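The values are calculated or read from the model by the stated rules, or taken from the named source; none is laboratory data. Not measured: the values here are computed from a predicted model. All Cβ positions, glycine included, derive from the backbone under ideal geometry; neighbour counts span all protein chains shown.
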């Protein structure tokens, strides 16, 4: 798996991962993600979106040590946005029914 170039933002590279879709070699994705995060750490911005809190990342990644290193690099000098709360889309769908 290689990082993809984003078409609207040509200087942006993104990696897409879903635990629900089959992937040929999960270790390759983990290694690639760790490499990207390690290389960009303290040099460039990284945006991660997830519906799992950090304590549950061990469900996706095989190595607890690697999860700890990833979380350490991602949270050092970072801004975390917790988007838990009522869903605008869900509230809008309920009021329109």
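What are the residues in segment 45-83 that are more than 20 Å from residue 28 (Cα to Cα), surrounded by 10 or more Cβ atoms within 10 Å (Cβ to Cβ) and more than 13 Å from the chain's Cα centre (by Cα), if any? Once the filter is applied, which keeps residues that are more than 20 Å from residue 28 (Cα to Cα), surrounded by 10 or more Cβ atoms within 10 Å (Cβ to Cβ) and more than 13 Å from the chain's Cα centre (by Cα), segment 45-83 yields 72, 78. Annotation note: of 96, 91, the sole residue that is at pLDDT 80 or above and either surrounded by fewer than 12 Cβ atoms within 10 Å (Cβ to Cβ) or touching a helix residue (DSSP H, G or I) at 6+ places or on another chain (Cβ under 7 Å) (or both) is 91.
Among the residues of this structure, residue 86 counts as one that is assigned to a loop (DSSP other than H, G, I, E, B) and surrounded by fewer than 10 Cβ atoms within 10 Å (Cβ to Cβ).
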